[in-house]
1. Per residue, how much accessible area does the chain show when a 1.4 Å probe rolls over the protein heavy atoms, in square angstrom?
2. Taking a quarter of the surface of the convex hull around the Cα atoms of the stretch 99-189, what do you get in nm²?
3. Provide the net charge surrounding Trp185, with neighbours chosen by a C-beta distance below 15 Å and charges set as Lys +1, Arg +1, Asp -1, Glu -1.
4. So how do Asp249, Asp56 rank on accessible area, 1.4 Å probe, biggest first, that is with the largest at the start?
5. Express in Å², to the nearest 10, the accessible area of Asp183 obtained by rolling a 1.4 Å probe over the protein heavy atoms while all chains stay in place.
6. Choose one of Ile273, Ala42, Trp23: the residue whose Cα lies farthest towards the positive end of the charge dipole of the chain (beta-carbon charges +1 Lys, Arg; -1 Asp, Glu; about the Cα centre).
7. If DNA, RNA and ligands are ignored and the probe is 1.4 Å, what is the ranking of Phe377, Phe69 by accessible area, most exposed first?
8. Match the structure shown to one of the listed values [x] -0.41, -0.67; [y] -0.33, -0.55; [z] -0.52, -0.77 of log10 I(q)/I(0) by the Debye sum over Cα atoms at q = 0.07, 0.09 Å⁻¹, computed from it, and give that label.
Amino acid sequence: MAANAAASSPSAPWYRSLDRSQWNTLLAANLGWLFDGYEVYAVILTLGVALHQLLDPSLLPQLRSYFGFIIATTLLGWGVGGLIGGVLADYIGRKRTMMIAILAYSLMTGLSALAWSWASFAVLRFLVGVAIGSEWATGASITAELWPDKARGRGAGLMQCGLGLGFFTASLVWYFVGSHGPDAWRYMFLIGVVPGLFTLWLRRGIPESPVWEQTNQQRRAAVERKRSGRPLETDHSLTRFTMHELFADPAVRARLIIVCLMSLATTLAWWGISSWVPLYIGGVAKNAGLSEPTWQAYAGMAYNVGAIIGYIGLGFLADVYGRKPITLLFFVLALVMTPVLFLWTHDLTLLLLVTGLNGLFTLGQYSWMPVWLPELFPTRVRATGVAFAFNTPRFIAFLGPLFAPVLIGYFGGLGHAAVSISLIYVVGFLATLALPETRGKPLPENI
């Protein structure tokens, strides 16, 4: 009652319009993404150490190629899992899909610690990627459906910052664990089993999305009418497979193509450039006679402090100024910060500051997806559409880590290769211009 009264008052702060179930839903989505973030950044931080143990010594000169292959394998699994998870969330529910994804992630992460060769590690990384991909679209959809229109961007930004918190947590843990011998990387993945316990709270702590439950009832009724041979009126779209419906509806299809181009720009640039930041700064520190693992951890923490600010900042700014202008701004500044980091900064201390700014715009940029994507698709295909847009570009973006070593060699260094890859941000900028502004509007049931 108090929340409703606060919501009806124009002068009331936005957070007073929220009830406990809405905050719990945000917490669940944030923690689910935090766990995923920990796991993803754990492999980025530890992969060099792990490959030194898993590779035959004769293959160590090709370390960068194997590094890129493992990252690409994780990303490919992420794409597959994301599509599966989005469809499941539209059919069996947001909450149930989130629980399945977190349990699968915990199991596969723990098994990663037992890898006995680089090939077994690659297979396990693919399976971890499948589980991680299944979680994000579910959290983004349920947060958008339970939070009020005027605060939806803030909720999405607070949800998305879980990834940065997970990245930061992994960097912090690695700072303490990284010096514990050649098996330190295994300890990082064993810690990743803990999130499975979170599902015990998740089962009772958050509600299912009422918006999804209503649409699911309508879907079941439409399917039953079709099976019984009774005529359908306006609900024929509910009887089609959600993935098919994305392309059958012209308006949905047009939006899907635009957001996939934007997502490709964000995703390819990050995995092709910024996933190399710890390795790059560690190499600079090593050349200066300093500890490589320590400076990799410093770089990870600096990058992800910036990312957390970017995640939250984009969501809050999008609620004030609109989705389109803020997303355009982040694309431009991500493009600018790439040469600043990789070409124009050489002092290690200053490099950490620039790393934080780079993280703010390159990784923080991801918040446009949970902020904007749920507002572009109707409920019947929301999770499928969000998942498709978020994950399908990974089937292209996974090539970034594979070809990055080739580009580094071709351009004579990581800096020039990074700048060349960052030009994909121009594609994202241009695609953004074609989307409608949705700030403060109700979630669509039809478009």
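The values are calculated or read from the model by the stated rules, or taken from the named source; none is laboratory data. These figures come from a predicted structure and were not determined experimentally. Here Cβ is always computed from backbone atoms with ideal geometry, including for glycine, and neighbour counts include all displayed protein chains. For accessibility, only protein heavy atoms count, side chains too; no ligands or nucleic acids. Shrake-Rupley method; radii C 1.70, N 1.55, O 1.52, S 1.80 Å.
1. 39 Å²
2. The Cα convex hull of the stretch 99-189, projected and averaged over all directions, gives 6.6 nm².
3. Spelling it out: positives minus negatives among the neighbours equals -1.
4. Asp56, Asp249
5. Probe radius 1.4 Å; accessible area of Asp183 about 60 Å².
6. Going by the charge dipole, the pick is Trp23.
7. Phe69, Phe377
8. Recomputing log10 I(q)/I(0) by the Debye sum over Cα atoms at q = 0.07, 0.09 Å⁻¹ here gives the entry labelled [y].
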